[in-house]
Amino acid sequence: MLQATYKKYTLQFKRPSGTSRGVLTTKETWFLKLTDGNKIGIGECGILRSLSIDDRPDYEDKLRWVCENINLSEDLLWENLREFPSIQFGVEMAFQSLKSADPFVLFPSKFTLGEESIPINGLVWMGSKEYMKEQITQKIDAGFDCIKLKIGAIDFQAELELLKYIRSEFSAEDIELRVDANGAFAVDEALNKLEKLSKYDLHSIEQPIKQGNWEALGKLCSKTPIPIALDEELIGITDVSKKRDLLQSIKPQYIIFKPSLIGGYRGTKEWLNLAEDLGIGWWITSALESNIGLNAISQWTYLQNSPMPQGLGTGGLYTNNFKSPLEVKSGNIQYNPDLNWELNNFF
């Protein structure tokens, strides 16, 4: 018989991190621990306040329900958690961890052996022009050749000047630039802003307008001078036929998968298969999980064989993250099997 418990943990940002939805200083997450009496399995259930569909008052009630019903089949648990995608992911992760010889090597591969790495983008948070410029310089010095900038919170003209500065120093062949508006543009001004942004050879823009307006987004995707990537738009859509409807209606150039927001590995794989059927590009990103969740996402991402830079560079954001074998070097994330996990007796 399996036993399950959960425990909350609050991650502390090293410095406030700005998005168009506000400034983040902390990030809540919950860990699910399974044991069969001999081995343990660890899963992470993490939400993003105001964004996750399962950011709701009964979240911990559902975690308690999972612990009480952990001996149901994994499939039945997953189906009963459709309104709680981050718990779906935590359950998947915990079961995979329990099945594994090492609870933190969920998917053995050349990645977990330290023989291969995953290219990632360097993330630049919103802030003053000077702070954003400082971050850009740091990312380039650290060897990143793909940089993602959060935009939409400071003055748009200042953001254009930042992009102009980068392009005056580095061509599109030197540095791939992605921007993420987190839905910040008004529908009636979005195309005009995209045209201004297009002067700077951008790879793509994530979620230029708020999710939920399929018609407006479809029109924008048909006219845009910059490839559009859907991110928030995928949240809350759990039925496969509706997923297909969304992609066929909007016809985005790319979609982005955050497993904690869209139902873990299984929910992500549904989107991924549809994207490949429809000729839509994709990549995978973390959703500010601790290194435990980031580890689980990275190992699975490696197996999907995408050559594109992924969004997995968030492990260094916190003062109280768990030390792990994950390392970011020269614009890649890698797993160093010579390093140990340091969990501070948390589990």
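Taken over the alpha carbons of the range 238-347 as equal point scatterers, the Debye sum produces base-10 log I(q)/I(0) values at 0.10, 0.12, 0.15 Å⁻¹ of -0.34, -0.47, -0.69.
The relative contact order of the range 3-99, computed from alpha carbon pairs under 8 Å that lie at least 6 residues apart in sequence, is 31 percent. Where both bridge residues fall in the range 212-347, DSSP classifies roughly 40% of the beta bridges as antiparallel. How high is the relative contact order of the range 245-347, in percent, with contacts defined as C-alpha pairs under 8 Å that are six or more residues apart? This gives 21 percent for the range 245-347. Entry note, the range 31-75: relative contact order of 21 percent, from Cα contacts under 8 Å with a spacing of 6+ residues. Note on the range 3-99: Rg/Rh from C-alpha atoms, Kirkwood Rh, equals 1.02. Over the residues of the chain, the helix contribution to mean residue ellipticity at 222 nm works out to -10500 deg cm²/dmol, using -39500 (n - 2.57) for each DSSP H run of at least 4. Given +1 at the Cβ of Lys and Arg, -1 at the Cβ of Asp and Glu and no other charges, the dipole of the chain around its Cα centre is 400 debye to the nearest 20.
What does the net charge come to around Glu159 if you take all other residues with beta carbon closer than 12 Å to its beta carbon, with K and R at +1 and D and E at -1? Each step should come with its number before you reach the end.
Working: positive: Lys129, Lys133, Lys150, Lys164, Lys193, Lys196; negative: Asp155, Glu161, Asp180.
Once all neighbours under 12 Å are counted, the net charge is +3.
Each DSSP beta bridge with both residues in the chain is either parallel or antiparallel, and the antiparallel ones are about 60%. Size descriptors for the range 118-335: radius of gyration and Dmax over Cα atoms are 16.8, 47 Å.
Other residues within the sphere of radius under 12 Å centred on the Cβ of Arg266, judged by their own Cβ, net out at -3 (K and R +1, D and E -1). Each other residue within a Cβ distance under 14 Å of Asp277 adds +1 if Lys or Arg and -1 if Asp or Glu, for a net charge of +1. Look at Thr25, Thr314 and count the other Cβ atoms within 10 Å of each Cβ; fewest to most, that gives Thr25, Thr314.
Cross-link partners of Lys269 among aspartates and glutamates, defined as those whose alpha carbon lies under 14 angstrom from its own and excluding same-chain residues fewer than eight positions apart: Glu92, Asp239, Asp277.
All of the numbers you see were taken from the coordinates with simple rules; none came from a lab. Quick caveat, the model's predicted, so the values are computed rather than measured. Ideal geometry is used to build each Cβ from the backbone, glycine not excepted, and the neighbour counts take in all protein chains shown.
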